[in-house]
Amino acid sequence: MLSFEDAVGYNVNYVISEGGCFISQPIVQLQNVTKRIGKKTIINDLSLDLPVGEVFGFLGPNGAGKTTTIRMMVGLMSLTGGEIKIDGYSITKQYQKAIRNVGAIVENPEMYKYLSGYQNLIHFARMIPDISDERIEEVVKLVGLGSRIHDKVRTYSLGMRQRLGVAQAILHRPKLLILDEPTNGLDPAGIRELRDYLRQLAKDEGISIFVSSHLLAEMELMCDRVAIIQNGKLIDVRGIKQQGDDGAESRRFVFEVGNVVEAITVAAQLGQKAEADGQSAIAIEADRELVAKLNAAFVEAGVSVYGIRAQGKSLEDQFLEMTGGEQIV
Amino acid sequence: MMLGIMLLLVLCISVGTRLFSNYLPSMWSVFNWESVVSFLLITVFTTIVAAGSVADEFTAGTIKLLLIRPWSRSKILLSKYVAVILFALLQTVVLYLFLLAMNALLFGYDSSAASDTIAPLYKGTAAVYFIQYFFYEFISLIVTATMAFMISAVFRSGGLAIGLSLFLILVVNSFVGLFAILNYAWVDYLLFIHLNLVQYLNGTPLREGMTLGFSLAVLGVYYVVFVALTWFVFNKRDVAA
C-alpha cells in the first residue's frame with residue numbers, strides 16, 4: 001500500500017484506478033498510539049494503516065486492547081501518546097471533521113429502548129445535517145428491519161438490535177464503519193447474515209469496515225486483512241486469501257489409510273516425506289497432481305485409502321502459532 | 001405526565017376547598033399554599049429529570065452514540081442542560097397560569113393587596129407578589145437542578161444521582177432551620193441556607209443579617225462551581241460505559 005500523503009499532502013483522498021487496483025490514502029492511520037491508565041499500559045506503541053474499501057479485522061484475545069483502541073478511534077477515550085487520523089483528519093485536533101466520516105457501534109448496539117427503531121434513527125439523524133426521510137427509509141430497507149422498525153426497541157431481539165445499530169452507523173454515509181465485536185451474542189444464522197451483509201456494504205457502498213473480534217474463524221470468513229494484537233501490541237498484519245481452488249499450490253493433505261507404516265514407506269518410494277497423523281492417517285505436503293499419484297501408488301501397494309482431505313492452515317492455527325497458544329479465549 | 005400529576009393535585013385541593021369549606025376563602029390563600037406544595041413537587045420532579053439526564057445515557061450506553069456524532073462534548077452537554085432548564089421553566093410557568101386561572105374561577109378574582117391575605121409585610125398586589133414568589137422559587141430551582149445535573153454528569157449513575165440529589169434536597173433542607181441557629185460564620189455560606197429566597201418577601205430571613213443580595217451572591221458562586229465542575233469532568237473523562 002502506497003502512502004500518498006507525502007506526495008499530495010493532507011486530506012486528499014482521491015482514488016486512483018490502475019487496472020482495477022485502487023490506491024489511495026489509508027482511511028485510518030494509527031501512529032504510535034499509546035494508552036496508559038494509571039501505571040498500566042493498555043496499548044503500547046500501536047501503528048496501523050487501514051486501506052480504503054476493505055473489511056479489516058482486528059483480532060486479539062480478550063483484554064488485548066481491542067475495545068480500548070476502538071474507543072480511542074472514535075474519540076471516547078483520550079490518547080496518552082501518538083496520533084490517530086481518520087481520512088486525514090486528526091481525531092484529537094480536528095475531532096468533528098474526523099468523526100463526520102465515521103459510523104460506529106462500540107460494544108453493544110445500545111439504543112433508546114422506550115423509542116421505536118424508527119424514532120431512534122430520527123433522533124440520530126437530527127444530529128447530522130442533511131439526512132432526509134428517504135435516506136432513513138433506504139437504510140431501514142438496507143438492513144432489512146422491515147415493518148418492525150416501528151416497534152419499540154425493547155421488543156427487539158439481539159440480532160435486530162444489531163441491525164438497528166448498523167442502520168444508525170451508516171445513516172450519514174460514512175467512509176468508515178467501525179464495529180466492535182459485532183457477532184457477539186448472535187446465533188449462527190445471524191452471524192452469517194451479518195457477514196454477508198458487511199461484505200455487501202463494503203462492495204456496494206465502498207465503505208471501509210473495521211471489525212474487532214476474538215472469534216478467529218469468523219474473521220477468516222469476513223475480512224480481507226487481519227491485524228492481530230496481544231497485550232496492547234501489534235503482532236502481525238496479514239491478508240487473508242479468499243477461499244478458492246488453488247490447485248497449483250502445495251498444501252498439507254491428510255490421507256486416512258489402513259496401514260500407516262506401509263503408507264509412509266510407499267510415499268518414501270515416491271520420494272515424498274510423509275508423517276503419521278494419529279493412529280490411522282498420514283499427513284503430507286503435496287499439490288493436486290501429487291495427491292492423485294500418491295493415491296494410485298497406495299492402491300497399487302494394497303494400502304486401503306479411506307479418505308483424503310486438504311488441510312488448509314486456518315487463521316486459528318496461525319494465530320495460535322503467533323500468540324504462543326496462550327491466553328486465547 | 002409529571003406535570004399532569006401536579007396539576008391534578010392542585011385541582012383536587014382547590015375543588016375540595018371550594019366544596020367542603022364553610023366560608024369562602026380568598027383565592028390567594030388557596031393559591032399560596034398550593035404553591036408551597038407544588039414547588040416541592042416541581043423540585044423533586046426537576047431533580048429526577050436532571051439527575052437522570054446525563055447518567056441514564058451512561059447507564060444505557062447510549063452516551064457513546066451521542067458522543068460519536070460531529071458535535072463537541074460541550075454542545076451535547078449544553079443541549080442536555082437546556083432541556084432540563086426548559087422542563088423546569090415549563091412547569092413553573094404552567095403552574096402559575098393554572099393556579100391563577102383555576103382559583104380565580106373557583107373563588108372569584110381578588111385584586112386586593114398581598115398584605116390583606118398572605119404576606120403582611122409585602123407592599124403591592126397579591127398577583128405581583130406571586131410573580132415575584134415564583135421567580136425566586138425558580139432561581140432556587142435552577143440551582144438545585146444544576147446541582148443534580150452535576151452529580152449526574154460526575155457520577156454517571158442514574159440511581160446514585162437521583163438518590164443523592166433527593167437526599168440533599170429533602171433531608172438536608174429540612175434540617176436547614178437547625179443549621180440556621182448555629183452561631184458559626186461558615187453557616188452563612190452553606191448552600192441550603194440560601195435556597196429559600198421567598199423568606200425575603202415576608203421580611204423574616206432565616207439568619208439574622210442575611211440579605212437577598214448576599215443570598216443571590218452565594219447561590220451565584222455555587223452555580224458557577226457546579227457548572228464548571230460538570231463541564232470539566234464531562235469533557236475530560238474517558239467514556240468506558
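Give the residue that is modelled with the lowest pLDDT, with candidates limited to residues of the stretch B:145-165 that are open to solvent by less than 10 Å² (accessible area, probe 1.4 Å) and of a type in the set (Ser, Thr, Tyr).
Here the answer is B:Ser165.
Let's see how each residue does on (1) modelled with pLDDT under 50; (2) assigned by TED's automatic domain parsing to the domain that holds A:Ser213; (3) within 26 Å of A:Leu201 (Cβ to Cβ):
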site: A:Leu2; (1), (2), (3): yes, no, yes
site: A:Asn13; (1), (2), (3): yes, no, yes
site: A:Ile16; (1), (2), (3): yes, no, yes
site: A:Lys35; (1), (2), (3): no, yes, no
site: A:Asp49; (1), (2), (3): no, yes, yes
site: A:Val52; (1), (2), (3): no, yes, yes
site: A:Gly57; (1), (2), (3): no, yes, yes
site: A:Ile70; (1), (2), (3): no, yes, yes
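How about the stretch A:130-156: which of its residues are of a type in the set (S, T, N, Q) and either under 19 Å from A:Leu215 (Cα atoms) or at pLDDT 90 or above (or both)?
Hit for the stretch A:130-156 is A:Thr155, nothing else.
Could you list, in sequence order, all residues of the stretch A:248-304 that are assigned to a loop (DSSP other than H, G, I, E, B) and open to solvent by less than 30 Å² (accessible area, probe 1.4 Å)?
A:Val303
List the helices (runs of 4 or more DSSP H) that sit entirely inside the stretch B:1-103 and contain at least 2 residues that are more than 14 Å from chain A (Cβ to nearest Cβ) and within 21 Å of B:Tyr223 (Cα to Cα).
Where helices (runs of 4 or more DSSP H) fall fully within the stretch B:1-103 and carry at least 2 residues being more than 14 Å from chain A (Cβ to nearest Cβ) and within 21 Å of B:Tyr223 (Cα to Cα), they are B:27-60.
Could you tell me which numbered condition A:Ser147 fails, if it satisfies all but one of (1) within 14 Å of chain B (Cβ to nearest Cβ); (2) open to solvent by 80 Å² or more (accessible area, probe 1.4 Å)?
(1)
Would you check which residues across the stretch B:196-241 are part of a loop (DSSP other than H, G, I, E, B), away from chain A (no Cβ under 14 Å) and open to solvent by 20 Å² or more (accessible area, probe 1.4 Å) and list them?
Result: B:Asn196, B:Asn202, B:Gly203, B:Thr204, B:Pro205, B:Leu206, B:Arg207, B:Glu208, B:Gly209, B:Thr211.
Residues are listed down the side, and each one gets a yes or a no for (1) of a type in the set (Phe, Trp, Tyr); (2) without any contact (Cβ under 8 Å) to a residue 12 or more places away in the chain; (3) in contact with a His (Cβ under 8 Å, 6 or more places away or on another chain):
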{"position": "B:Arg18", "(1), (2), (3)": "no, no, no"}
{"position": "B:Asn22", "(1), (2), (3)": "no, yes, no"}
{"position": "B:Trp28", "(1), (2), (3)": "yes, no, no"}
{"position": "B:Leu65", "(1), (2), (3)": "no, yes, no"}
{"position": "B:Pro70", "(1), (2), (3)": "no, yes, no"}
{"position": "B:Ile76", "(1), (2), (3)": "no, yes, no"}
{"position": "B:Tyr81", "(1), (2), (3)": "yes, no, no"}
{"position": "B:Leu86", "(1), (2), (3)": "no, yes, no"}
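Can you confirm whether A:Lys97 is within 11 Å of chain B (Cβ to nearest Cβ) and of a type in the set (Lys, Arg)?
Against the criterion (within 11 Å of chain B (Cβ to nearest Cβ) and of a type in the set (Lys, Arg)), A:Lys97 qualifies.
With the condition kept exactly as written, say whether any residue in the stretch B:49-68 is surrounded by fewer than 19 Cβ atoms within 10 Å (Cβ to Cβ), among the hydroxyl-bearing types (Ser, Thr, Tyr) and in contact with a helix residue (DSSP H, G or I) (Cβ under 6 Å, 6 or more places away or on another chain).
Yes, the conditions are met somewhere in the stretch B:49-68.
Would you point out the residue of the stretch A:150-159, among those that are of a type outside the set (Lys, Arg) and open to solvent by 30 Å² or more (accessible area, probe 1.4 Å), that is nearest to the other protein chains (Cβ to nearest Cβ)?
Here the answer is A:Leu158.
Condition check: touching a residue at least 12 places away in the same chain (Cβ under 8 Å), surrounded by fewer than 13 Cβ atoms within 10 Å (Cβ to Cβ) and not in a helix (DSSP H, G or I). Does B:Ser111 satisfy that?
yes
Looking only at residues that are open to solvent by less than 40 Å² (accessible area, probe 1.4 Å) and farther than 28 Å from A:Val260 by Cα in the stretch A:305-324, which one is modelled with the highest pLDDT?
It comes out as A:Phe319.
The values are calculated or read from the model by the stated rules, or taken from the named source; none is laboratory data. From a predicted model like this one, the values you see are computed outputs, not experimental measurements. Methodologically, a virtual Cβ is constructed for each residue, glycine included, from the backbone with ideal geometry; neighbour enumeration extends over all protein chains shown. Heads up: the accessible areas ignore ligands, DNA and RNA and are worked out on the full protein's heavy atoms, side chains in. Shrake-Rupley method; radii C 1.70, N 1.55, O 1.52, S 1.80 Å.
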